[in-house]
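Values in this text are rule-based calculations from the coordinates and carry no lab data. What you see is a predicted model; the values in this text were computed from it and never measured. Every residue, glycine among them, receives a Cβ derived from its backbone with ideal geometry; neighbour counts consider all protein chains shown.
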Amino acid sequence: MASPHPPDGPSPADGAEPPALPYDAYAPDDAEHDAPRIIRLRVAAWDVVGTLVLLILLVVLATATTWPSKLFGFLNEVCTEDTCGPVPFAIDLYIYPVVWGGVGAAVAAVVIGPFVSLLKGWYMSFWPLLALAVIMVSAVAGSMLTTFSQRYWH
């Protein structure tokens, strides 16, 4: 079937070969590859200020208030002795890993998260809020595990 427009140059059907490209067209340009890579940070002033304010509030909340004892007060009720009764599926063994794993994940989010955001060009101010949410979830999960296990300890 004929095409409506004739080809611009010789086609392989005519028996002509495509024009050869010079050697430089195939070789990468060394000047482009030897240049140092520059990392450009996209930072908004409100984001940096918001992140710093939230971080300071988290530190004050964790050190100068009774918030940690209210959130993690259930850890005083955890039975760690050998006289405790067995709990189904040994769920009581997961209380401390859930709580301390949550605290560790929150600290990692607060410390490492803003640097990742700087390199990726994301907003940073959500990392302290994410850390607060992780701490709350770990506290609630640990409290639920303790409440469930208390029936079997006594």
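Can you tell me how region 79-135 classifies by the Cα gyration tensor, rounded, prolate or oblate, using a/c under 1.5 as the rounded cut? Numbers along the way, then the final one.
Numbers: a/c = 4.46, a/b = 4.32, b/c = 1.03.
In terms of gyration-tensor shape, prolate.
Could you tell me the calculated FRET efficiency between GLN150 and VAL111, based on Cβ-Cβ distance and R0 = 30 angstrom, to the nearest 0.05?
Numbers: r = 34 Å, r/R0 = 1.15.
According to the calculation, E is roughly 0.30.
Nearest 0.05, what FRET efficiency do ARG42 and TRP67 give at R0 = 30 Å with Cβ-Cβ as r? Could you put the intermediate results ahead of the total?
Working: r = 34 Å, r/R0 = 1.13.
The value I calculate is 0.30.
How far, in nm, would the chain grow between LYS120 and CYS84 when pulled straight, counting 0.36 nm per residue and subtracting the alpha carbon separation? List each step's numbers first, then the result.
Working: separation 36, 0.36 × 36 = 12.96 nm, distance 4.92 nm.
Length gained, LYS120 through CYS84: 8.0 nm.
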